[in-house]
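Undergrad: Okay, handing you the structure first.
The values are calculated or read from the model by the stated rules, or taken from the named source; none is laboratory data. If you're wondering where the values come from, they're calculated on a predicted model, not measured in any experiment. We place every Cβ from the backbone using ideal geometry, glycine too, and count neighbours over all the protein chains shown. To get the accessible areas, we keep the full protein, side chains included, count just its heavy atoms, and leave off ligands, DNA and RNA. Shrake-Rupley method; radii C 1.70, N 1.55, O 1.52, S 1.80 Å.
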Amino acid sequence: MQGTINIAKGTIGDTPFSDLTGNYSKKGDVVRVSGFSVKGFGPEGVASGNMTFNLAGKSPSYQIDLNAAGIDLATVQDTFAARKEKVAGAFSAKLSLSGAGFDSSSIQRSLKGGGDFKVTQGRLTNVNLEERILAALGEKYGIPVATIAQELGIEIVPGDETPFEEFFGVFDIGSGQIRVQDSSITSRNHGFAANGNVGLDEQLNLKAKMILRQVGEIKKKKFTYYLIDEKSRKYIPFAITGKSSKPVVMVDVEALVKGQARQAVEEQKEKVKEKIREKLG
């Protein structure tokens, strides 16, 4: 059996969509939908791709290739009300996924694939990263958070959220884990970069850095609040653990102290080298 699918208007739950089209075919237990496209999940949202399902056996297997752009994550949240919203913004992605079964345990066991994603003009809705990081530094050094924020050129927004201009990254999925590579969040005067694992059971294990762009003069000369990476960027190392619904943000104070010591040694080395160069002409 083969044919075409055309739905001018419809809903998923209470969320409307329009212009759903595609080519459909079924041979034995194998169902294919090719040239699929739909508009919805926000006024600018569009999605397209190809899907193959093998309905033989107790757990149907599937292969899905999907391109999405302009998807409103708040609208997606409204559609799947059981999931607590964690990121808001306009979502775009290119995904390739395969697996067998659609229940939670089957997805964690069999889901594989990867892709890239981007969210623009959005926010993390369940954690204020700036406040958590600067509060940890303030506790460590006995300095008010407002003072540290001013010296680092950071504006802390009120509430339990982190607004951003762009959030993007590359990932692959396997063994119940989403392995995040080169994930970055950019905002007006600083940013974040992270690598690590996000479990399909929502457990987090990410190593990250807060990248600073507008650092003022540090009054205390014995230490700085940051390190300098291979790209000459000033940054604060931290880790994210716990569950994605309630993340735990911890500044890597040990790495910060050791890194500051290494930087001090390198500065002294350069001073010695300069003196030698002056003596030798």
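Undergrad: Whole angstrom only: what separates the Cα centroid of region 1-50 from the Cα centroid of region 239-264?
TA: First find each Cα centre; the distance between them is then 45 Å.
Undergrad: Another question, if that's okay. Over region 1-126, give the accessible area per residue in Å² for a 1.4 Å probe, as an integer. Kindly include the intermediate steps, with their values, before the conclusion.
TA: On the way: 7380 Å² over 126 residues.
With the other protein chains kept in place, region 1-126 gives 59 Å² per residue.
Undergrad: Kindly report, to the nearest 10 Å², the accessible surface of residue 5 as traced by a 1.4 Å probe over protein heavy atoms only.
TA: Counting only protein heavy atoms, the figure is 50 Å².
Undergrad: Here's another thing I want to ask about it. Would you mind counting up the charge near residue 180? Only other residues with Cβ under 15 Å from its Cβ, with Lys and Arg at +1 and Asp and Glu at -1. Working shown, then result.
TA: Working: positive: 86, 118, 179, 207, 209; negative: 116, 172, 182, 202.
Result for the neighbourhood of residue 180: +1.
Undergrad: Then there's this: Farthest toward the dipole's positive end in the chain, which of 250, 52, 162, given Cβ charges of +1 (Lys, Arg) and -1 (Asp, Glu) about the Cα centre?
TA: Farthest towards the positive pole: 250.
Undergrad: Moving on. What is the sum of charges around residue 53, taking Lys and Arg as +1, Asp and Glu as -1, for the other residues whose C-beta is under 15 Å from the C-beta of residue 53? Please report the intermediate quantities before stating the final value.
TA: On the way: positive: 26, 27, 32, 58; negative: 29, 65.
That works out to +2.
Undergrad: Turning to a different aspect of this structure: Strictly over 31 Å apart at the Cα level, which of 231/275; 39/209; 39/231; 207/275 would you flag in this model? Mind dumping the intermediate values first?
TA: Details: 231/275 27 Å; 39/209 37 Å; 39/231 41 Å; 207/275 39 Å.
In this structure, 39/209; 39/231; 207/275 lie more than 31 Å apart at Cα.
Undergrad: For Rg and Dmax of the Cα atoms in Å, the choices are (i) 24.1, 88; (ii) 18.9, 60; (iii) 19.4, 70; which was calculated from the structure?
TA: The listed entry that was calculated here is (i).
Undergrad: Quantify, in whole percent, the carbon and sulfur part of the accessible surface of the chain (1.4 Å probe; protein heavy atoms only).
TA: Details: 8900 of 16380 Å².
Taking all protein chains in place, the chain shows 54 percent carbon and sulfur surface.
Undergrad: If r is the Cβ-Cβ distance from residue 50 to residue 112 and R0 is 25 Å, what FRET efficiency results, to the nearest 0.05? Don't skip to the answer; put the middle values down first.
TA: Working: r = 17 Å, r/R0 = 0.67.
The computed FRET efficiency comes out at 0.90.
Undergrad: Would you please give the residues with an amide H less than 5 Å from that of residue 189, counting only those at least 5 places away or on a separate chain, with H modeled from the backbone geometry?
TA: Residues meeting the criterion, in which the H sits 1.01 Å from N, do not exist here.
Undergrad: Could you give the accessible area per residue of region 233-281, probe 1.4 Å, as a whole number in Å²?
TA: Details: 3470 Å² over 49 residues.
Per-residue accessible area for region 233-281 comes out at 71 Å².
Undergrad: Oh, and also: Give me the tail of P(r) for region 28-166 as a percent: Cα-Cα pairs with distance above 19 Å. Present the calculation step by step, with values, prior to reporting the outcome.
TA: Working: 6349 of 9591 pairs.
For region 28-166, the share of Cα pairs beyond 19 Å comes to 66 percent.
Undergrad: Give the aspartates and glutamates reachable from residue 118 as a straight Cα distance under 13 Å; neighbours fewer than 8 places away on the same chain don't count.
TA: Straight-distance partners of residue 118: 72, 165, 166, 182.
Undergrad: What is the spin-label model distance, in nm, from residue 59 to residue 26 if the labels are put 7 Å beyond Cα along the C-beta direction?
TA: 2.4 nm
Undergrad: Follow-up question, since we're still on this one. Sorted by accessible area with a 1.4 angstrom probe, largest first, how do 209, 269 fall? Don't jump to the answer; show the numbers that get you there.
TA: Numbers: 209 45, 269 100 Å².
Putting 209, 269 in descending order of accessible area: 269, 209.
Undergrad: Let me know the longest stretch in the chain that avoids all GluC sites (Glu not before Pro) found in a DSSP loop with at most 10 other C-beta atoms within 10 Å.
TA: Working: sites that count: 217, 230.
Here the longest run is 1-216.
Undergrad: Let me ask you something else. What accessible surface, in Å², does a 1.4 Å probe find on residue 125, ignoring ligands, DNA and RNA and rounding to the nearest 10?
TA: The accessible area comes out at roughly 40 Å².
Undergrad: Just flag the trypsin sites (Lys or Arg not before Pro) in region 86-163 sitting in loop per DSSP whose Cβ has no more than 10 other Cβ atoms within 10 Å. List each step's numbers first, then the result.
TA: Working: sites: 86, 94, 109, 112, 118, 123, 132, 140; in loops: 86.
When the trypsin sites (Lys or Arg not before Pro) of region 86-163 are filtered for loop state and at most 10 Cβ neighbours within 10 Å, nothing remains.
Undergrad: If you put +1 on each Lys and Arg Cβ and -1 on each Asp and Glu Cβ, how big is the dipole of region 5-83 around its Cα centre, in Debye rounded to 20?
TA: Numbers: 7 positive and 7 negative charges, 80 e Å.
Rounded to the nearest 20 debye, it is 380 debye.
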